[in-house]
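Report on one structure; see the data block that follows.
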Amino acid sequence: MADNGKTEKATEKKRRDERKKGNVFHSKDVVNAFGLLITVFLLKLVISPIFSFLQNSLKTRITTINSITELTPKTALELYSDIIIRALIIIVPIGFVCALLAVILTGAQTRFLFNVKKIKPQLSRINPASGLQKMFSLRSLVELLKSILKITIIITLLYSNIKELLPQVVKLPAMSLNQSLAWVGNAIYGIAISIAMYMCIFAVADYFYQWWQYEKDIRMTKQEIRDEYKQTEGDPQIKGRIKEVQRKLANMRMMRKVPTADVVIRNPTHYAVALKYTPGKDRAPIVVAKGINLVALKIIEIAEKNGVELVENKALARGLYEAVELDRAIPEEFYKPVAEILAYIYKLKQKKGK
């Protein structure tokens, strides 16, 4: 069978286990494409203040250099340090925003899963045999085709955009420096936006592909589902044996209470209910044992051996059996018939006592 018989959708437990291992699906293309798109938009918004900052910094450096009468290692170091600091003022915030975008876009797909198992060193990752196997796998082929398609899209967009802009390049010498820089900036922005938009469309398609591939990878066999059910719910055969043992133990405890009963009401062998009543302690007679068929016969047998009175009342025996749980007092609807039986039993005991 295809996929080693893994034809069943993964259960919720399987999904939870895979998530604990850090195995969740996400698309890197979504992170790259939407990260690029948002970054380009943000740069468009802040490019003016960045440009002004660079102009002011350049003017300040030129003034500082002109005022230097002697270039020493100390003054050179100060100049380089100031340039580096000013560059970091621009680069660090942009880098931080890009990193934050990557975290948010990845977290949105994985529900912000962080698993240290994924970053632990594993010898299997540097195994040449497994590396070759992955290299020539279907997944690797798909990734290769995706990369070729992305490069093709980028090259095509660059070519078409540059071809449209070439006629305007000849006008640059007639423009002022600010106008030339603005034109170049707008051209780069237009090319970057068009590439980012197409990459986003590609990323959405890749997202659904990764989801399909993930669902395929975590599929289960029918036997795995049965084994999982046994682990979570318990083996039905074992559960049945446990219930049988519990039932036998409960019957044993119940049978030990039969000799303490005042009366056993039966029908005549199919139903048997043992009642006990302690005046001043119990508000009503208590059902200490009950059963049908073989259990009823056992109750009757124990009652006869221990001298417990037996009273045959088919309707009452069946009614008590169905209406009252073990070690519970009988409801009011049975007070009168049971009281009559107990009164009769007490009279018999008195006569026997005389």
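Every residue in region 313-341 that is of a type in the set (Val, Ile, Thr) and surrounded by fewer than 17 Cβ atoms within 10 Å (Cβ to Cβ), please.
Applying the first criterion (of a type in the set (Val, Ile, Thr)) to region 313-341 yields 324, 330, 338, 341.
Residues satisfying the conditions do not exist here.
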Requested in this report: Could you check TYR344 against (1) surrounded by 12 or more Cβ atoms within 10 Å (Cβ to Cβ); (2) within 59 Å of the chain's Cα centre (by Cα) and say which number it fails?
Outcome: (2)
**Report entry** Cβ pairs under 7 Å, 6+ apart, first in region 243-263 and more than 14 Å from GLU301 (Cβ to Cβ), second of a type in the set (D, E, K, R)
**Finding:** THR260/LYS276; ASP262/LYS276; VAL263/GLU309
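Listed residues ALA317, ALA289, ALA274; which is among the hydrophobic types (A, V, I, L, M, F, W, C), over 17 Å from ALA250 (Cα atoms) and modelled with pLDDT of 90 or more?
Numbers: ALA289 fails: over 17 Å from ALA250 (Cα atoms); ALA274 fails: over 17 Å from ALA250 (Cα atoms).
Among ALA317, ALA289, ALA274, only ALA317 is among the hydrophobic types (A, V, I, L, M, F, W, C), over 17 Å from ALA250 (Cα atoms) and modelled with pLDDT of 90 or more.
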Requested in this report: Output the residues belonging to region 17-48 that are more than 23 Å from the chain's Cα centre (by Cα) and of a type in the set (A, V, I, L, M).
Outcome: ALA33, LEU36, LEU37, ILE38, VAL40, LEU42, LEU43, LEU45, VAL46, ILE47
Query raised in the report: Does region 186-197 contain at least one residue that is of a type in the set (Val, Ile, Thr), part of a helix (DSSP H, G or I) and in contact with an Asp or Glu (Cβ under 8 Å, 6 or more places away or on another chain)?
Result: no
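Considering only region 285-334, state which residues are among the polar types (S, T, N, Q) and within 13 Å of ARG256 (Cα to Cα).
Of the residues in region 285-334, the ones among the polar types (S, T, N, Q) are 293, 306, 313.
Selection gives ASN306 alone.
To keep it simple, each residue is scored yes or no on (1) within 46 Å of the chain's Cα centre (by Cα); (2) of a type outside the set (Lys, Arg); (3) modelled with pLDDT under 85.
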residue: MET135; (1), (2), (3): yes, yes, yes
residue: LYS150; (1), (2), (3): yes, no, no
residue: ILE153; (1), (2), (3): yes, yes, no
residue: GLU164; (1), (2), (3): no, yes, no
residue: GLN179; (1), (2), (3): no, yes, yes
residue: PHE202; (1), (2), (3): yes, yes, no
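The values are calculated or read from the model by the stated rules, or taken from the named source; none is laboratory data. All of these numbers come straight from a predicted model, not from anything done at the bench. Positions of Cβ are backbone-derived with ideal geometry, glycine not excepted, and every protein chain shown enters the neighbour counts.
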